[in-house]
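Here is the structure we will look at.
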Amino acid sequence: MALEISINGVTKQVKASGDTPLLWVIRDELGLTGTKYGCGISQCGACTVLVDGQAIRSCSTPIEALGAGKVITIEGLSADGDHRVQKAWQKFDVVQCGFCQSGQIMSAVALLSQKPNPTDADIDAAMAGNLCRCATYARIKVAIKEAAGLSTTTQKG
C-alpha cells in the first residue's frame, strides 16, 4: 500500500501498511538512519522524532496515526548540524557512545519550542523518557540551558 508522509519538509510516497511503525518507515523505506531503534516499546526514547513539533516515539507510532502530521527527524533539524541544540551538544561534549543522542536532541528541541526558558524541573520532566546508558544527563541539562540561552538574552548556561 502506498502512503504519503511529510518528512523533513518533503512529501514522500512510501510502500507500507498503515500499521507499520513510523521508525521502520523512516529507517527502512526512507533511509534516514539517524533515528535509532532502542527498545521497541517507547521506554528508552532513542527513536524520538517530532510530529508537528511534539516529541513522539516512532517505534510505537503506526504511520497511519500521523494523518497530515509533519515529521522532523534529526536529519531535518539542520543540513549542517548547526541547530542551536546541536551546537550546545557539541560545546559541552555531551555525546559518549552517541546511540541515544538523536532522541535526546529531538526531545530537547520539542521542550525548547514549548518552553523557551525551561526550569530544571521542566528539563527533568521533558527528558525523563530518554535513557542514556553512558549517563551524560548532567551535560544534557547544561546543553539544554545553553541552547535556551542562545534564544534569549536573560538566561545563561
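Descriptive notes on the structure:
- For region 106-118, the tally of residues that are part of a loop (DSSP other than H, G, I, E, B) and in contact (Cβ under 8 Å) with a residue 12 or more places away in the chain stands at 3.
- Taking the criterion of being part of a loop (DSSP other than H, G, I, E, B), hydrophobic (A, V, I, L, M, F, W, C) and closer than 22 Å to F99 by Cβ, the residues of region 1-56 that qualify are L30, L32, C39, I41, C44, A46, C47.
- Of all residues making up region 55-70, the number that are farther than 18 Å from S17 by Cα and of a type outside the set (G, A, S): 3
- Residues located in region 1-28, provided they are charged (D, E, K, R) and exposed (fewer than 13 other Cβ atoms within 10 Å of the Cβ): E4, K15, D19
- Test result for G53, touching a residue at least 40 places away in the same chain (Cβ under 8 Å), buried (at least 16 other Cβ atoms within 10 Å of the Cβ), closer than 30 Å to A2 by Cα and out of contact with any Lys or Arg (no Cβ under 7 Å at 6 or more places or on another chain): no
- Taking the criterion of being surrounded by fewer than 19 Cβ atoms within 10 Å (Cβ to Cβ), part of a helix (DSSP H, G or I) and small (G, A, S), the residues of region 119-151 that qualify are A121, A125, A138, G149, S151.
- When region 57-91 is filtered for residues that are in a helix (DSSP H, G or I), small (G, A, S) and open to solvent by less than 20 Å² (accessible area, probe 1.4 Å), only A88 remains.
The values are calculated or read from the model by the stated rules, or taken from the named source; none is laboratory data. What you see is a predicted model, and the numbers here were worked out from it, not measured in a lab. We place every Cβ from the backbone using ideal geometry, glycine too, and count neighbours over all the protein chains shown. Ligands, DNA and RNA are stripped out before the accessible areas are found, and what is left, the full protein with its side chains, is counted by its heavy atoms. Shrake-Rupley method; radii C 1.70, N 1.55, O 1.52, S 1.80 Å.
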